[in-house]
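K.L.:
I am attaching a structure below and will ask some questions about it afterwards.
The values are calculated or read from the model by the stated rules, or taken from the named source; none is laboratory data. Quick caveat, the model's predicted, so the values are computed rather than measured. Positions of Cβ are backbone-derived with ideal geometry, glycine not excepted, and every protein chain shown enters the neighbour counts. With ligands, DNA and RNA removed, areas are computed over all heavy atoms of the protein, side chains included. Shrake-Rupley method; radii C 1.70, N 1.55, O 1.52, S 1.80 Å.
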Amino acid sequence: MSNPSLGTGTPLVALALSGRTALVTGGASGIGRACVTRLAAAGAHVHVLDRDPAAAQEAARACGGTAHVVDLTDMDALERVLERRGLAPDVVVNNAGFQVVAPIHEFDPEDFRRIMAVMVEAPFRILRRALPHMYANNWGRVVNISSVHGVRASPFKSAYVAAKHALEGLSKVTALEGAPHGVTSNCVDPAYVRTPLMEHQIADQAALHGIAPDDVVRDVMLERTAIKRLIEPAEVAEFVAYLCTDAASFISGASLPMDGAWTAR
Ligand code: NAD
C-alpha cells in the first residue's frame, strides 16, 4: 500500500493535525509544554493533563486547548478524567515524569511506587481508554517520552530507569497491536533537556557527587554525549510533531534517540 500523503508538495508537519485531538500528560512544563504548543500549531485541539492547576490552565489557554488537573499517581482520579466527554484523543503523548536520585539501598519504596505509577501505569491506563477511539478511526499516534535511560542505565536512578524501560516495552506492544488499525507507537529517547526537571537534577547530583552545580552539567550530564550541549524542549517537540504526521506512518515500535550520540558508543 502506498502512502497517499507523500508527493503532494505540501509541508509535512505544518497543520498536519487539523481536526485532530491530542492529549499531552505533564503538558504544563518543559517538554510537555513544548509539545502542547507544537501540536496546537500543527492544528490539533490539545488536552493538557497535569497536576499543576495554574500552569496547566495557562498552557491550555495559550493554545486554545483544554486543561485537566489530575495527579497521575491517583488512578481513580485519572479514570474519572478519561471518562470525560470529548476526551477521545487521536494523538497521545505520554510525557509526565519525574526523577528521584538515591542508591537502591536508600531508595524510598514509596518514591519507587509513585514513579512507576506516573511513568508506567498512567500511560497504560490512558492507552487502554484511547486506543478504541483510534482503532475506530483507523488512525492514531502514540508518542512516549522515554529517555536515554529507557535503553541505558545510570547509577542512583533505579526507579526512573526501570520505569522508562517498562515504558519502552509498553510502547512496542502498542505498536504491534495498533498496526492493523493505523496506529503507530514510538518512544523518543532524549539525553538531557533544558527543563525544570533537569534543573532539579543538577542540584541533586551536585549534592550526591559533592561538586558545584556548574560542574554537574559539564562533568556528569554531558559526559556521555558526543554533542556537548543540552537539548531544548522545542527540538523534542518538533520530532514528536513529525511522528504525528502521515509521512511517519511506517515508523512504529521504535526507540528513537535524541541523545547527541550517547548510545552510539
Ligand atoms: P518537567 O518537570 O519540566 O515537567 C514535567 C511535568 O509533569 C510537570 O508539568 C509536572 O507537573 C508533571 N507531572 C509530574 N508528576 C505528575 C503527576 N504525578 N501527575 C500529573 N502531572 C505530573 O519535566 P521534563 O524535563 O519536561 O520531563 C518530561 C518528560 O521527559 C519526563 O517523562 C522525563 O522523564 C522525560 N525526559 C526528560 C529529560 C530532561 O533532561 N529534562 C531527558 C529525558 C527524558
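K.L.:
Can you pull the one-decimal nm distance between simple spin-label points at residue 232 and residue 215, each 7 Å off the Cα toward Cβ?
P.N.:
Going by the 7 Å Cα→Cβ label model, 3.0 nm.
K.L.:
Quick one: accessible area per residue over the chain, 1.4 Å probe, rounded to a whole number of Å²? Before the final figure, lay out the partial values.
P.N.:
Numbers: 12000 Å² over 265 residues.
Accessible surface, normalised per residue, equals 45 Å².
K.L.:
Quick one: angle between helix 53-63 and the longest Cα principal axis of the chain, in degrees between 0 and 90, rounded to 10, please.
P.N.:
The answer is roughly 40 degrees.
K.L.:
Between residue 77 and residue 105, what is 0.36 nm times their sequence separation minus the Cα-Cα distance? Round to one decimal in nm. Don't skip to the end; give the middle numbers.
P.N.:
Values: separation 28, 0.36 × 28 = 10.08 nm, distance 3.17 nm.
That works out to 6.9 nm of additional length.
K.L.:
Round to a whole number: what % of the accessible area of region 51-203 belongs to carbon and sulfur, probe 1.4 Å?
P.N.:
Values: 3610 of 6600 Å².
Ligands and nucleic acids excluded, carbon and sulfur give 55 percent.
K.L.:
Using only the Cα atoms, what convex hull volume per residue in Å³ does the chain have? Mind dumping the intermediate values first?
P.N.:
On the way: hull volume 34.6 nm³, N = 265.
Spread over its residues, the Cα hull of the chain gives 131 Å³ apiece.
K.L.:
I would also like to ask the following. Using only helices, what value at 222 nm comes out for the chain when you add -39,500 (n - 2.57) per DSSP H run of length 4 or more and divide by the total residues, to the nearest 500 deg cm²/dmol? Display every interim value, and only then the final one.
P.N.:
Details: 9 runs with 105 residues, N = 265.
It comes out at -12000 deg cm²/dmol, rounded to the nearest 500.
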